[in-house]
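Following: one structure in structure tokens, then a few remarks.
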């Protein structure tokens, strides 16, 4: 976990730059970190972006107390697991990391809303698409079984075409990271889910 240290320290320093106490923590890998419009997109929820590049779900669990533990949020939105699978981890391992993370959320904050954004499809990782789909499936099944305050936000389906292949327009030229169009889609899908399911009636 040492190679994340600079990124983690950068995030620790972010706290001093905020003019408010965050209500919604966005936590996870570079798909969160590179979401440049995130603060504007979710302004009513007083967000903080705790994404760190290359992070795995395992790393999110490892650094949880240090990063998310700095705050006292009402809501946590997580995107991770993509890099675990890319590193050769099996879906079942990623699922265990998810369970560990949820146990940590509960242990620290009790019964607060925690949403998992589905692992996205990508052209670069098309060779492991079955593992991505399966990981999404077992995490979604667990969330449905346990019920609220856990949530599953499906961005995967909207990012694929009719044949199930990733739509290029939603990805950067590298075929892995999310493009601006992709973030516009995420803003719509994630924002709608938050408004309807996680924080209905929320006002600034």
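Quick note: the coordinates plus some simple rules give every number you see, no bench work behind them. Keep in mind the model is a prediction, meaning the values are calculated, not measured. Here Cβ is always computed from backbone atoms with ideal geometry, including for glycine, and neighbour counts include all displayed protein chains.
Go through the stretch 142-156 and count every residue that is surrounded by fewer than 16 Cβ atoms within 10 Å (Cβ to Cβ) and over 16 Å from the mean Cα position of the chain (by Cα).
Pass one, the stretch 142-156, residues surrounded by fewer than 16 Cβ atoms within 10 Å (Cβ to Cβ): 144-148, 154.
Still in the running and over 16 Å from the mean Cα position of the chain (by Cα): 144-148.
Counting residues in the stretch 142-156 that are surrounded by fewer than 16 Cβ atoms within 10 Å (Cβ to Cβ) and over 16 Å from the mean Cα position of the chain (by Cα) gives 5.
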Requested in this report: Look through the stretch 176-196, keep the residues that are out of contact with any strand residue (DSSP E or B) (no Cβ under 8 Å at 6 or more places or on another chain) and within 18 Å of residue 46 (Cα to Cα), and return whichever of them is surrounded by the fewest Cβ atoms within 10 Å (Cβ to Cβ).
Outcome: 196
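Please go through the stretch 68-79 and give me each residue that is assigned to a helix (DSSP H, G or I) and surrounded by fewer than 22 Cβ atoms within 10 Å (Cβ to Cβ), ordered by number. Working first, answer last.
In the first step, residues of the stretch 68-79 are kept if they are assigned to a helix (DSSP H, G or I); the result is 68-70.
69, 70 - these are the residues of the stretch 68-79 that are assigned to a helix (DSSP H, G or I) and surrounded by fewer than 22 Cβ atoms within 10 Å (Cβ to Cβ).
Which ones in the stretch 33-67 are assigned to a loop (DSSP other than H, G, I, E, B) and closer than 25 Å to residue 176 by Cα?
Filtering the stretch 33-67 for residues assigned to a loop (DSSP other than H, G, I, E, B) gives 34-37, 42, 46, 52-56, 63.
Listed by number, the residues that qualify are 34, 35, 36, 37, 42, 52, 53, 54, 55, 56, 63.
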Requested in this report: Among the residues of the stretch 139-157, write down those that are in contact with a helix residue (DSSP H, G or I) (Cβ under 8 Å, 6 or more places away or on another chain) and more than 23 Å from residue 112 (Cβ to Cβ).
Outcome: 156
Report task. Starting from the stretch 22-50, take each residue that is on the phi > 0 side of the Ramachandran plot and without any contact (Cβ under 8 Å) to a residue 40 or more places away in the chain and list its partners that are part of a strand (DSSP E or B) and buried (at least 22 other Cβ atoms within 10 Å of the Cβ), counting only C-beta distances under 9 angstrom and pairs at least six apart or across chains. Result -> 46/24
Query raised in the report: Restricting attention to the stretch 14-30, does a residue exist that is exposed (fewer than 15 other Cβ atoms within 10 Å of the Cβ), touching a helix residue (DSSP H, G or I) at 6+ places or on another chain (Cβ under 7 Å) and assigned to a helix (DSSP H, G or I)?
Result: yes
